[in-house]
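The structure under discussion appears below in the form of structure tokens.
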Amino acid sequence: MAAQRCSRAGSVSAIPGCRAVIVSLIQRNGVKKVKNTSKTELLAPAGTLEKLKWACQYGADAVYFGLEFGSLRSYAGNFTLQEAAEGLKYLHERDKKGYVTLNIYPFSDEYGRLTEMAGQVDDMGADAIIVADLGVLTALKRMGLRARLHVSTQANTTSWQTVLAYRELGAARVNLARELSLEQIREIQQNTAGSIETEVFVHGAVCFSYSGRCAISDYLAGARANRGQCKHPCRWKYFVVEEERPGQYMPVFEDERGLYLFNSKELALWEYVPLLCEAGVSSFKIEGRMKSVHYLASIVSFYRQVMDGRLFSKDEADTLLGRVPNRGYSTGFMKGGVGPDDYSTAKSLSEAESIFVGAVRQSTGAGSMVEVRNKIFASDVLETLSPDDRIGKLTMPSPLPNAEGLFANHGEILPIPESLPEYTILRRIKSL
Ligand code: SF4
């Protein structure tokens, strides 16, 4: 089943016109599933080679990842050059694309290392290199790489004039800033008239500042956000100290848990997908190179279905997106601006309605081998999510077929009698 899913991207790009999706949705009002006519790309993050495979299995058309130097995610795991080569091979064998992020703002003495790495991933067949810095873009353009050059969200592109300027400098695609509204994106699309590809983040965490343009982490934690080291102080809890009373920390109560002034909710633009598609956006990007395989499976599967024309009610979407840790969801600037509702000021915790407890590593006609990721108990009722988007329910045997019988611990391989596709997620729903 997973292998079938992995070959789907080829047919997505072969079918013309995402405008047809909109027409189809309107004409078949009330029909839950419509024909996939989208040629817009679903672009997923990968912090490791393992995550790249999960994103691919759950329906991403392309995956982006960073190397050990030059990417803005110092804590994401990141790929060695050997893993990058393996990842690109894995993607290309399944008719998918791989983009390498070199979107750091380098100091003058770092260009040599960056351009050398760009040459190496170009030789491996990277489909694109994602850059933010003007000097890097110019240097890579001069190298005449086979890989296309994509401009990162770190460049904060907010106008069609800048998009066209990047085109003149050799970029094939520009990520549009998260701070744009739907109307502003439409204006950019109209004025660039398909002469350059555009990419929009549709899901994931957002900065309270312009993406990445923030020095709080530098000041408070000595960790530079623009070197990929952000410690996320915008999620921390803050107090007020009156200058005559040093050491007396007065909480600014929102409720008894305090006030998280800068804690942005996460972006979830699934409702805007048809409109962005109609506007002519080329790629829908998901944030989260540091997120888990559970996040990847759940979010990539959800957006894959949305892009394939499945209609979700608000409640259905809230339920599915609530399965993975989040700080609440918002449509950000897409609706025209942000207000208090777009921040989660009462808490900073990222919470989920489910606990990821296992993943199917091998499937046979006689059952499946589950890699345990969190304690599984005998008789547990678990929800399953498979790469074919199917959601099911599963009752674990009692006793469990392992030495303990009562429970299985993280790291164990647990045989179960159900035959489930490889890469199936097992999770315990808190409300069950
Ligand atoms: S501290 Fe928050 S706003 Fe600043 S760069 Fe880090 S995540 Fe973004």
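The values are calculated or read from the model by the stated rules, or taken from the named source; none is laboratory data. In this text the structure is predicted, and so the values were computed from the model without any measurement. Please note: Cβ atoms are built from the backbone with ideal geometry, for glycine as well, and neighbour counts cover all protein chains shown.
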**Prompt:** Quick one: would you say Tyr166 is free of Cβ contacts under 8 Å to residues at least 60 places away in the same chain, within 14 Å of Ala132 (Cβ to Cβ), surrounded by 14 or more Cβ atoms within 10 Å (Cβ to Cβ) and within 11 Å of the ligand (Cβ to nearest atom)?
**Reply:** no
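Hey, could you check the stretch 240-257 for residues that are modelled with pLDDT under 75 and loosely packed, with under 14 Cβ neighbours inside 10 Å and say which is farthest from Val206 (Cα to Cα)?
Quick first cut of the stretch 240-257, residues modelled with pLDDT under 75 only: 240, 250-257.
From what is left, the residues that are loosely packed, with under 14 Cβ neighbours inside 10 Å are 240, 250-253, 255-257.
On the way: Val240: 25, Met250: 28, Pro251: 25, Val252: 23, Phe253: 24, Asp255: 24, Glu256: 25, Arg257: 22 Å.
By that ranking, first place goes to Met250.
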**Asked** Here is a list of conditions, (1) under 14 Å from Phe69 (Cα atoms); (2) surrounded by fewer than 17 Cβ atoms within 10 Å (Cβ to Cβ); (3) among the β-branched types (Val, Ile, Thr), and Thr115 meets all of them except one; can you say which number that is?
**Response** (2)
**Asked** If you take the residues in the stretch 210-225 that are within 19 Å of the chain's Cα centre (by Cα) and of a type outside the set (A, V, I, L, M), which one is farthest from the ligand (Cβ to nearest atom)?
**Response** Tyr210
**Item:** Single unsatisfied condition, Arg186 versus (1) within 16 Å of the ligand (Cβ to nearest atom); (2) out of contact with any Ser or Thr (no Cβ under 7 Å at 6 or more places or on another chain); (3) within 18 Å of Lys335 (Cα to Cα); (4) among the basic types (Lys, Arg)
**Value:** (1)
**Asked** Hey, any hits in the stretch 320-330 for a residue that's out of contact with any Asp or Glu (no Cβ under 7 Å at 6 or more places or on another chain) and hydroxyl-bearing (Ser, Thr, Tyr)?
**Response** no
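Which residues, taken from the stretch 273-319, are β-branched (Val, Ile, Thr) and part of a helix (DSSP H, G or I)? Quick ask: steps written out before the conclusion?
Keep residues of the stretch 273-319 that are β-branched (Val, Ile, Thr), which gives 273, 281, 286, 293, 299-300, 306, 319.
Val273, Val293, Ile299, Val300, Val306, Thr319, listed by residue number.
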**Message:** When you check Thr138 against the structure, is it more than 11 Å from the ligand (Cβ to nearest atom), without any contact (Cβ under 8 Å) to a residue 40 or more places away in the chain and polar (S, T, N, Q), yes or no?
**Reply:** yes
**Complete:** Expected output for the stretch 297-321 (first residue closer than 19 Å to Ile425 by Cβ, partner in a helix (DSSP H, G or I) and of a type in the set (Val, Ile, Thr), Cβ below 7 Å, 6+ apart or cross-chain) is Val306/Val273; Phe312/Val306
**Message:** So, Asp389, is that one charged (D, E, K, R), within 25 Å of the chain's Cα centre (by Cα) and closer than 26 Å to Cys207 by Cα or not?
**Reply:** no
